[in-house]
Amino acid sequence: MCSGADPDLLNESPKSEQIKYAGIGGTVFFTAVMAFISGSYALYTVFDNAYIAIAFGIIWGLLIFNLDRFIVSTIKKRDNIWQELIQASPRIILAVIIAVVISKPLEMKIFEKEINQVLLEQKNELTLQNQNQIAEQYTPEINRIQSEIQSLETAIASKEKEVNDLYETYIAEAEGRKGTMLIGKGPVYKEKREKHDALLQELQQLKQDGKTKITEKEAAIAALRTKQDTQVTTSQPIIDGFDGLMARINALGELAWFPSFFILLLFLAIETAPVFAKIMAPKGAYDLKLEEQENALSVWVTQQKNQRAAVLATDTSLNEKVYYDVTEDQEVYDYKKQKAIELFRKQSDAFYKKQTDLL
């Protein structure tokens with residue numbers, strides 16, 4: 001049944017013919033089983049649902065089974081093997097395509113650990129790229145705010161240095177080490193002390209205002225970093241889910257080609273085996289019986305066609321002769337003449353009446 005053979009003819013054939021077609025049918029059947037497993041796994045990697053995957057695998061397996069059965073059953077044995085190869089060439093191409101489609105999902109399952117390693121490396125690389133891309137969105141603003149904080153701290157440090165310098169100046173004036181070189185708190189000392197105290201108040205006010213601004217800016221930086229981290233965390237599941245069918249096929253392509261090529265050759269051999277077995281096998285009793293049956297049907301159809309053509313030619317000849325004889329019959333002529341005269345009179349009366357009504 002799987003080989004597409006006629007069971008009635010096969011039962012009348014020797015046991016060897018039945019064994020041969022049972023082998024061909026078994027190859028077709030197990031190819032369909034492999035197609036079911038391959039299709040189920042391929043769809044499972046997409047939807048991650050066993051029920052949907054199994055349902056699709058059954059449909060895919062039946063489709064491959066029907067195609068293989070059609071390929072094998074339509075190859076007819078001829079006396080010339082080259083004619084058989086030419087006849088089977090489209091079917092061989094189709095078998096190659098089917099083998100490639102079946103082998104890929106199974107290759108992904110066989111090399112699943114290696115593919116997972118490649119996917120892990122790709123995910124890590126994508127994670128770094130994602131973090132860098134998100135950082136590029138927030139880094140300029142963070143740097144700008146940090147620059148403003150640094151400017152405020154520089155201004156405070158500069159003002160503090162100026163106050164310290166004034167402190168040293170009026171202390172040195174009091175001790176007589178600088179300025180007037182007189183020991184004691186004279187008018188110059190008081191002037192420098194007042195200037196120092198004024199700058200000290202400005203420094204304290206600057207520190208107070210700067211602290212408030214720096215706190216606000218640090219809070220803004222913290223908010224930006226939190227937003228950045230949130231965006232990284234939100235986008236990470238997308239990267240973690242980067243293991244679909246296309247990703248796995250691409251990862252498989254990055255592995256060494258020889259093992260995958262060997263598996264592909266294996267499935268090519270399995271898929272094309274029924275076709276080549278049918279071509280290479282010698283013409284047996286089943287093929288002779290099938291050829292005889294088809295020839296008998298062809299002869300019968302040709303006879304029926306020729307008979308219908310002869311009937312049509314005879315009938316045409318008789319019709320021509322009959323109508324020729326009718327044209328020579330006087331009675332028919334008189335009858336046709338009478339009817340023509342009656343029709344002409346009715347047309348004349350109708351035309352006259354129509355013209356009278358118009359007037």
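The values are calculated or read from the model by the stated rules, or taken from the named source; none is laboratory data. Please read all numbers here as calculations on a predicted model, not as lab measurements. Reconstructed Cβ throughout: ideal geometry from the backbone, glycine too, with neighbour counts over all protein chains shown.
Descriptive notes on the structure:
- Of the residues making up the range 11-39, those that are surrounded by fewer than 21 Cβ atoms within 10 Å (Cβ to Cβ) and closer than 14 Å to E107 by Cα number 2.
- Single unsatisfied condition, T74 versus (1) modelled with pLDDT of 85 or more; (2) surrounded by fewer than 16 Cβ atoms within 10 Å (Cβ to Cβ): (1)
- Matching residues in the range 200-243 - criterion: being more than 57 Å from the chain's Cα centre (by Cα) and hydrophobic (A, V, I, L, M, F, W, C): L200, L203, L206
- Taking residues in the range 69-87 that are at positive phi, and partners anywhere that are modelled with pLDDT under 80 and surrounded by 16 or more Cβ atoms within 10 Å (Cβ to Cβ), not one pair has Cβ atoms closer than 6 Å while being at least 6 places apart or on different chains.
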